[in-house]
Structures are given as structure tokens and as C-alpha cells.
Amino acid sequence: MKIIDLRSDTITRPTLAMRLAMANAVVGDDVLGDDPTVQRLEALAAARLGKEAALFVASGHMGNLVSLLTHCGRGDEIIVGDQAHIFYYEQGSAAVVGGIHPRTVPNQTDGTLALDQIEAAIRGDNVHFPRTRLICLENTHNRCGGAVLDVAYVQAVGALARRHQLKLHVDGARVFNAAAALGVEVRELAADADSVSFCLSKGLAAPIGSVVCGSAAFIQQARRNRKLLGGGMRQAGVIAAAGIVALEQMVERLVDDHANAQRLSAGLSQIPGLAADPARTQTNIVMFELTRPDMTPAHLQSALEAAGVRLFTVGGRRLRAVTHYEVSAEDISEALERIAGVMA
Ligand code: TLP
């Protein structure tokens with residue numbers, strides 16, 4: 001039985017082109033500034049995002065943490081969504097490592113933070129308060145079901161940040177999915193942000209790595225912070241080579257993942273005992289709910305595992321399925337049949 005693995009787009013393994021590029025990569029000591037492949041990836045990423053410079057990091061988590069450490073000092077406050085990956089899934093690392101205080105604003109179901117609620121969360125000058133320094137957005141928004149923040153919204157938050165002398169960081173782990181869904185260039189979604197981190201190892205299918213993009217001065221300081229976290233990698237061109245292939249060959253096909261997610265969401269919405277909303281599936285993440293009261297999401301997850309369909313529970317009665325390049329349209333039909341079988 002073929003396992004259909006919908007746990008995450010992080011499970012994608014490197015393509016043959018990536019493996020060949022990795023084998024043939026010209027490398028050097030990147031901590032000493034000598035790795036031409038890492039430099040090529042960073043230049044390519046900066047150009048795609050429309051920023052002056054970029055920094056290759058080990059993971060999306062490291063990209064966010066390096067960015068936060070670079071924008072903020074100890075005791076500074078960030079405004080962040082209560083469903084944000086930075087707040088929800090990163091071990092509170094900004095607080096643990098950087099002494100950075102998170103101030104949450106509720107994420108709306110479309111992944112946005114209401115502008116008036118961001119504004120209300122900005123601290124005044126008062127000896128009792130931490131200093132607000134940074135606003136964080138997430139695009140696409142993972143826990144909001146892969147929701148896309150559009151260009152006008154990011155512009156509005158950027159303008160609000162500038163009005164209050166704050167910085168804007170975008171956790172763009174899946175920002176290429178956002179751009180594909182909107183039919184815009186990713187640089188349009190990055191234009192108003194002071195820093196954007198994006199992942200090569202999710203839908204773009206590289207084995208390892210993320211990139212932080214920003215001004216040259218920001219990236220210079222971010223490079224110091226990457227080293228502080230033990231993230232200085234030596235012949236990192238071996239993995240950066242796969243990242244270059246990811247950017248050059250794997251971006252255009254993301255729309256296929258979105259079409260598969262749409263198929264999956266529509267199919268799930270037809271299965272008794274499940275609730276899914278295809279209109280809210282905008283990219284490659286499908287959130288759905290188990291409405292049958294005699295079953296828990298954990299039960300469903302293990303029954304599906306036994307039927308060769310893997311996915312995650314994400315709290316409450318919700319489950320998450322993610323499409324990616326190792327899942328075909330036929331796999332989606334097969335997965336739907338198996339899910340309907342389990343539910344019956
Ligand atoms: N998300 C993972 C899990 O951690 C939940 C997933 O399977 O979706 N930002 C966002 C928006 C993310 O979704 C993730 C990973 C990260 C950052 C962190 O990336 P990594 O895993 O490379 O550290």
C-alpha cells in the first residue's frame with residue numbers, strides 16, 4: 001500500500017536535479033565568506049525578494065529568531081499573532097534567547113491582525129512598559145489554514161509600522177505559495193517588510209534551509225546573530241546548491257499543490273462527519289474538522305495512519321493535511337477514498 005503523506009510539505013525529499021547540484025557544488029568555508037554556492041543562493045534570494053542582501057540559515061525557526069534578535073534588544077516587545085508560528089511553535093525562543101517580550105493580537109480567520117488592534121497594542125512612552133519594536137506577520141498563515149495576506153494588507157501594516165517608527169518582519173516560510181495564489185511577484189509581498197524569512201525546505205522541496213532577506217546593514221548584523229546561535233555553517237554550499245534548484249525549478253509548480261489542496265478540501269467537505277470549506281483553502285494547507293462526536297481527532301489520525309494516509313491533528317477538533325510535490329492528483333483521489341472508508 002502506498003503511504004500518502006499529508007503531514008507537511010516539509011517531508012518532501014530533494015529532487016534528482018537537487019541531488020546532482022549538491023554532488024557537484026563548488027564549496028568553501030562560508031563562515032570565512034568563501035562559499036561561492038552559498039553566495040549565489042543569497043544573491044538569487046535577495047533579487048527574488050527585492051532586498052539588498054540575504055542570509056542562508058539552517059531552518060525557518062532560525063530565520064525568524066535571527067531576524068527578531070537583529071531587530072530587537074532585551075526587553076523590547078514584538079506584536080505578533082496569537083496563532084503565529086513564532087508565538088505558537090518556536091519554544092518561546094525569542095524570549096528564551098533574546099529576552100524579547102511577545103505581545104499577542106488575535107489572528108483573524110484570514111490570517112491578518114486587525115489594524116486597529118495592532119495600533120492599540122503599541123506601547124506609549126512609560127517607565128512601566130517594555131518598548132514596542134517590531135510587528136510580525138505570517139504569509140501564508142499556517143494555523144489559519146494557509147491563508148494568504150495580500151499586497152494591500154502588507155502595505156497597510158508596513159505604513160502603520162513606519163508611522164510608529166516600528167519595524168516589520170514577515171515570516172514568509174511559505175511566501176512563494178502566497179505569491180503563487182495571488183499571481184504576484186514575491187517581491188511585491190516583501191516590499192513593505194524590513195525583513196522576510198522564507199523556507200527552501202517546505203513546498204520548494206529542498207532538504208534543508210531557509211533564507212532571511214533585508215537591507216545590507218540588517219543582514220550584516222543578522223550574520224553575527226546567526227553565528228551567536230551556532231548557525232555558522234562551513235561548506236554549506238552542499239545544501240545551498242539544492243536551494244538554488246528549489247528557487248529556479250520548484251516555484252512555478254506550487255499552483256499544482258494548490259489545485260490538489262482544493263480537490264482535497266472539496267472531497268473532504270462531501271464526507272459525512274467531516275467539515276471542510278474549499279472556499280477557505282487558498283494554498284496547500286487544508287484544515288478540516290471532525291464533527292462526528294463518537295470519534296476524537298487522535299482516533300481518526302491513527303485509523304488513517306493504518307489506512308496509509310498520514311496527517312496531523314492541530315488542536316480542538318481540527319486536523320491538517322498539506323499537499324506537496326510528492327502527492328499527485330491521483331493520490332488525492334486515493335486519499336479521499338481511504339478517508340471516506342475510515343469515516344464509514
Ligand atoms: N512549520 C511546520 C511545523 O513546525 C508546524 C509545518 O509542518 O508546517 N514559520 C512557519 C509559518 C512554519 O510553518 C514553519 C514550520 C516555520 C516557520 C519553521 O520552519 P522550520 O521547521 O524549518 O524551522
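The values are calculated or read from the model by the stated rules, or taken from the named source; none is laboratory data. The shown structure was predicted, so the numbers you read here are calculated from the model rather than taken from an experiment. Positions of Cβ are generated from backbone atoms using ideal geometry, with glycine treated the same way; all protein chains shown enter the neighbour counts. Please note that ligands, DNA and RNA were not included when accessible areas were found on the heavy atoms of the full protein model with its side chains. Shrake-Rupley method; radii C 1.70, N 1.55, O 1.52, S 1.80 Å.
Can you figure out the FRET efficiency of Val97 with Ala216, using R₀ = 22 Å and their beta-carbon distance, to the nearest 0.05?
Working: r = 24 Å, r/R0 = 1.11.
About 0.35, to the nearest 0.05.
To the nearest Å, what is the center-to-center distance of the range 45-98 and the range 296-322, using C-alpha atoms only?
First find each Cα centre; the distance between them is then 29 Å.
Would you work out the relative contact order for the chain, in percent, from Cα pairs under 8 angstrom that are 6 or more residues apart?
Working: 717 pairs, mean separation 85.9, N = 344.
Relative contact order here is 25 percent.
Only loop residues by DSSP count here, and only those with at most 15 other Cβ atoms within 10 Å; note down the trypsin sites (Lys or Arg not before Pro) in the range 223-307 that meet that.
Loop-located and lightly packed - Arg234, Arg253.
With all distinct Cα pairs included, what does the Kirkwood hydrodynamic radius of the range 212-279 come out to in Å, to one decimal, could you say?
Numbers: mean 1/r = 0.0624 Å⁻¹.
About 16.0 Å, per the Kirkwood formula over Cα pairs.
If you place +1 on the Cβ of every Lys and Arg, -1 on the Cβ of every Asp and Glu, and leave all else neutral, what size is the dipole of the chain about its Cα centre, to the nearest 20 Debye? List each step's numbers first, then the result.
Values: 33 positive and 36 negative charges, 135 e Å.
For the chain, the charge dipole is close to 640 debye.
When the accessible area of the range 279-344 is computed with all protein chains present and a 1.4 Å probe, what percentage of it is carbon and sulfur?
Numbers: 1510 of 2880 Å².
C and S fraction of accessible area: 52 percent.
Run the simple label-point estimate for Ala344 and Lys227 please: 7 Å along Cα→C-beta, distance reported in nm.
Result for the modelled spin labels: 6.3 nm.
Would you grab the residues whose amide H sits under 5 Å from the one on Thr132? Only those 5+ places off in sequence or on another chain, please, with H modelled 1.01 Å from N.
Distant-sequence amide H within range of Thr132: Glu77, Arg123.
Provide the per-residue ³J(HN,Hα) series for the range 327-344, in order, calculated from phi with Karplus coefficients 6.51, -1.76, 1.60 and θ = phi - 60°, each as a whole number of Hz, with x at glycine and proline positions.
With the stated coefficients, the range 327-344 comes to 10, 9, 4, 5, 4, 5, 4, 5, 4, 4, 4, 5, 5, 4, x, 5, 5, 6 Hz.
Using alpha carbons only, what's the Rg to Rh ratio of the range 253-343 with Rh from Kirkwood?
Values: Rg = 12.0 Å, Rh = 12.9 Å.
Reported Rg/Rh, Kirkwood definition of Rh: 0.93.
Testing the spin-label approximation: label points 7 Å from Cα along Cα→Cβ at Met1 and Asp82. State their distance in nm.
If labels sit at Met1 and Asp82, their model points lie 3.9 nm apart.
Please work out the average accessible area per residue across the range 1-125, using the 1.4 Å probe convention, and give it in Å².
Working: 5680 Å² over 125 residues.
Per residue, the range 1-125 has an accessible area of 45 Å².
With a/c under 1.5 counting as rounded, go ahead and sort the chain into rounded, prolate or oblate using the C-alpha gyration tensor (a ≥ b ≥ c being the square roots of the eigenvalues; past the cut-off, prolate if a/b is larger than b/c, else oblate). Let's see the in-between values first.
Working: a/c = 1.96, a/b = 1.25, b/c = 1.57.
Oblate.
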